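Laboratory data are not the source of any read-out in this text; all were calculated from the coordinates shown. Computed from a predicted model, the values in this text were never measured in an experiment. In this analysis, Cβ positions are derived from the backbone assuming ideal geometry, glycine residues included, and neighbour counts consider all displayed protein chains.
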């Protein structure tokens, strides 16, 4: 690739993104960074930062803290309620493991592995979804029963809440 090819690509991206609203532009950029990462899983060049997400010195390319394990993240965030535990587990899966969405079973399995399983993970996630602003979004539901598999995604506010917990801020309404 030549320097001219790179400049042309940037001009095309700018032309495509300019008419979009901020939220849409952020989702498109997040997708693009995720889609076009280098083969090693690390993004090439400068990391993308979503607007409004605090960045600390040890932040990785996807905007999350560098934690070697879920246990380290859990200890740093120190969640005290079932909702907070679910929120921290969701952060681990989405931000630290770079998963675009997740199911409740994956979260509760990670929590159980640490000895911090949640009595009813679906209720905890539903409470996060009902907060205003919502900390979690339900993307889809597979099946018709109450126990149907649901797929979730953290909102920017949910990400900020966990980052605040990591920074030692009280979790406020996620209690």
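Would you mind ranking 7, 166 by Cβ crowding within 10 Å, fewest neighbours first?
Ranked by crowding around the Cβ, least crowded first: 7, 166.
Any idea what Rg and Dmax come out to for the stretch 70-174 if you just take the C-alpha atoms, in Å?
Reported Rg and Dmax, both Å: 12.5, 40.
How would 152, 91 line up from fewest to most surrounding beta-carbon atoms within 10 angstrom?
152, 91
Exposure proxy check: 101, 80 ranked by fewest other beta carbons within 10 Å?
80, 101
On a full-extension model of 0.36 nm per residue, what is the gain between residue 32 and residue 72, subtracting their alpha-carbon distance, rounded to one decimal in nm?
This chain segment gains 11.5 nm when fully extended.
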